[in-house]
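This report refers to the structure that appears directly beneath it.
The values are calculated or read from the model by the stated rules, or taken from the named source; none is laboratory data. The structure displayed is predicted, hence computed values, not measured ones. Please note: Cβ atoms are built from the backbone with ideal geometry, for glycine as well, and neighbour counts cover all protein chains shown. SASA here: full protein model, heavy atoms, side chains in, ligands and nucleic acids out. Shrake-Rupley method; radii C 1.70, N 1.55, O 1.52, S 1.80 Å.
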Amino acid sequence: MSDRTTPPTPVSRRLVTRTAAWATPVVLTAVTAPAYAAASTATCTDSGQDTLNQGYGYQVPWFYLGDDPYSFDVDVATTTTNAAGAPITTGSGTGTLQKTSYFLSYIKLAMPKTAAQGDTVSITLTLARAVRNLTFTLTNVDKTAGQWVDQVVASPAAFGVLARGSNVAGSGTTADPFTGKADKAVTSKDASGDVTVTWPGLVQQVTVSYTAGIAQTSKSAQYVGVGGFSYDNCS
């Protein structure tokens, strides 16, 4: 990914609430806290955006959301497998914290330099408790003819697309992954390869899977990022 210099419009939790018309409410079957699931009238507070500032270039086994590092943490687990599901070598930097020039901090998911079609890098985020309106941005979704084709899937599937860069196609599901629709890599100084997803219902665990759509022929490793986290804390 090239550094970018033009900041995107910040995503507000209040904006998510105001624009809830993009999705029909869905009862999630992901890992949730029963106490929250039972409280359909729970009070939810906009908790802002996490900056992921634990140290760039370092592995991110966990991070915390909001202002209190002692009460709300998120566990991070990454895996890399081939098309048959067998473990393979992880691309350089996978699971480390990186940063764009427009100040989006993200956790890197990198392909091996000679990725085969179907190789997949996945990240699973497990929150300390269930929240509403969990939102984050997937960055650098792109493709270059004959070199690589990024395919990105988010789960559980009960999410909406809050913002989409001009280069991103697809719905982010297994049947229709997010992918770059232009036959070129995303250029610098824009966020055309970014897509922001949000879960309006209660959710405690989410997974992002990044798959090589073709056998990679480029000598440089290709990657995507996951960052810009925000959520509504419910009680």
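Is at least one residue of segment 139-146 in a loop (DSSP other than H, G, I, E, B), aliphatic (A, V, I, L, M) and modelled with pLDDT under 90?
At the first step, the residues of segment 139-146 found to be in a loop (DSSP other than H, G, I, E, B) are 140-142, 145-146.
Right, trim to aliphatic (A, V, I, L, M) and you get 141, 145.
Add one more test, that the residue is modelled with pLDDT under 90, and what stays is 145.
The answer is yes, given that some residue of segment 139-146 is in a loop (DSSP other than H, G, I, E, B), aliphatic (A, V, I, L, M) and modelled with pLDDT under 90.
Filter segment 94-104 down to residues that are in a strand (DSSP E or B), closer than 14 Å to Trp62 by Cα and either open to solvent by less than 10 Å² (accessible area, probe 1.4 Å) or of a type outside the set (S, T, N, Q) (or both), then give me how many there are.
Keep residues of segment 94-104 that are in a strand (DSSP E or B), which gives 96-99.
Within this subset, residues satisfying the condition of being closer than 14 Å to Trp62 by Cα are 96-97.
Still in the list and also either open to solvent by less than 10 Å² (accessible area, probe 1.4 Å) or of a type outside the set (S, T, N, Q) (or both): 97.
Counting residues in segment 94-104 that are in a strand (DSSP E or B), closer than 14 Å to Trp62 by Cα and either open to solvent by less than 10 Å² (accessible area, probe 1.4 Å) or of a type outside the set (S, T, N, Q) (or both) gives 1.
Please enumerate the residues belonging to segment 34-57 that are of a type in the set (Ser, Thr, Tyr), surrounded by 11 or more Cβ atoms within 10 Å (Cβ to Cβ) and at pLDDT 60 or above.
Taking segment 34-57 first, the residues of a type in the set (Ser, Thr, Tyr) are 36, 40-41, 43, 45, 47, 51, 56.
Now drop any that are not surrounded by 11 or more Cβ atoms within 10 Å (Cβ to Cβ), which leaves 36, 45, 47, 51, 56.
Result: Thr45, Ser47, Thr51, Tyr56.
Filter segment 210-228 for residues that are buried (at least 19 other Cβ atoms within 10 Å of the Cβ) and more than 13 Å from Ile107 (Cα to Cα) and give the result. Let's see the steps before the verdict.
Initially, segment 210-228 is screened for residues buried (at least 19 other Cβ atoms within 10 Å of the Cβ), giving 210-212, 216, 222-228.
Selection gives Thr211, Ala212, Gln216, Gln222.
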Kindly evaluate Ala77 against the criterion of being surrounded by 13 or more Cβ atoms within 10 Å (Cβ to Cβ), at pLDDT 75 or above, within 14 Å of the chain's Cα centre (by Cα) and among the aliphatic types (A, V, I, L, M). yes
Write out, first by first residue and then by second, each pair whose Cβ atoms fall under 6 Å of each other, whose residues are 6+ apart or on separate chains, and whose first residue, in segment 211-222, is under 16 Å from Thr78 (Cβ atoms) while the second is surrounded by 15 or more Cβ atoms within 10 Å (Cβ to Cβ) and among the β-branched types (Val, Ile, Thr). Thr211/Thr120
Failed item in (1) part of a loop (DSSP other than H, G, I, E, B); (2) modelled with pLDDT of 95 or more; (3) polar (S, T, N, Q), with Ser188 passing the rest: (2)
Residue satisfying condition, being of a type outside the set (Lys, Arg) and touching a residue at least 24 places away in the same chain (Cβ under 8 Å), within set Asp176, Asp150: Asp150
